[in-house]
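The values are calculated or read from the model by the stated rules, or taken from the named source; none is laboratory data. Given the structure is predicted, the values throughout are model-derived calculations rather than measurements. Positions of Cβ are backbone-derived with ideal geometry, glycine not excepted, and every protein chain shown enters the neighbour counts.
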Amino acid sequence: MYKFVVLIALFSFSTVFPQFGGLKGIVSADGEPLPGVTIRVLDTKSGTVTNSDGYYELKNLPVGKIKLQFTYVGYLTIDKTVTIEAGRILTANISLTEKNLELDEIVISDKARDASDTETSIIDLEPEQAKVLPGAGEDVLRTLQALPGILAPNDFSSQLVVRGSGPDQNLIIIDNVEIFNPYRLYGFISMFNPDAVSDITLITGGFPVKYGDRLSAVLDVSNREGTSKKL
């Protein structure tokens, strides 16, 4: 009778107080410990993180099979099933494998900037404007002097002063040919005839690489195409 009562007491104790176990180990990669590896017990709220030596320990795990998940940035995630035994702390060392990151294809293309792009540093001037603006004297460079941020060294010069720099820091080209002295009558007027040019573009900053390393501005002028027909 006494033995029967003891057995009932032990059974009741194990039923009321379920038994637990634990798990410990080291997480490494290529033989080196990994600190900061996240370890989760799936389907529960339990988990931990490895310390600076790659060591981890989980306590008060329910007896039976549990599923662990080991995650670390740049490494493949590992799921491992462990059978927890009552009153024992098992050892499970894990080795992670580095993950190869696959990036999308990168295409590098060369796109020439169009002068018609909407940018504050690019100014397009119609040749007809040089013929109607007051004070321009039907001269392209004098017409540009009427624009904001562009000045002249004096009232008698057609040279351009952009953002305070000297006229010699401007690049002036016509039909892709650099012009070193586009001035006439000692700089009073320029060589550009509004009736003979088709496009006038002034770039005051952020020049494309094809223009070189000028410090101030680039004036790109295109001549009109000639024709043999008499108008």
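The number of residues in the stretch 104-130 that are aliphatic (A, V, I, L, M), modelled with pLDDT of 75 or more and loosely packed, with under 13 Cβ neighbours inside 10 Å comes to 3. The numbered conditions (1) touching a strand residue (DSSP E or B) at 6+ places or on another chain (Cβ under 7 Å); (2) of a type in the set (Asp, Glu); (3) at pLDDT below 75 are all true for Asp199 except (3).
For the list (1) surrounded by 10 or more Cβ atoms within 10 Å (Cβ to Cβ); (2) at pLDDT 90 or above, I need the number of the one condition that Lys99 fails. For Lys99, the failing item is (2). Checking Thr38, Thr44, Thr77 one by one, the residue that is within 34 Å of the chain's Cα centre (by Cα) and exposed (fewer than 14 other Cβ atoms within 10 Å of the Cβ) is Thr77 and no other.
Quick check on my filter: what residues within the stretch 47-62 are among the polar types (S, T, N, Q) and either closer than 17 Å to Thr81 by Cα or surrounded by 15 or more Cβ atoms within 10 Å (Cβ to Cβ) (or both)? Those that are among the polar types (S, T, N, Q) and either closer than 17 Å to Thr81 by Cα or surrounded by 15 or more Cβ atoms within 10 Å (Cβ to Cβ) (or both): Thr48, Thr50, Asn60.
Of the residues Gly212, Gly164, the single one that is farther than 22 Å from Glu126 by Cα, within 40 Å of the chain's Cα centre (by Cα) and free of Cβ contacts under 8 Å to residues at least 40 places away in the same chain is Gly164.
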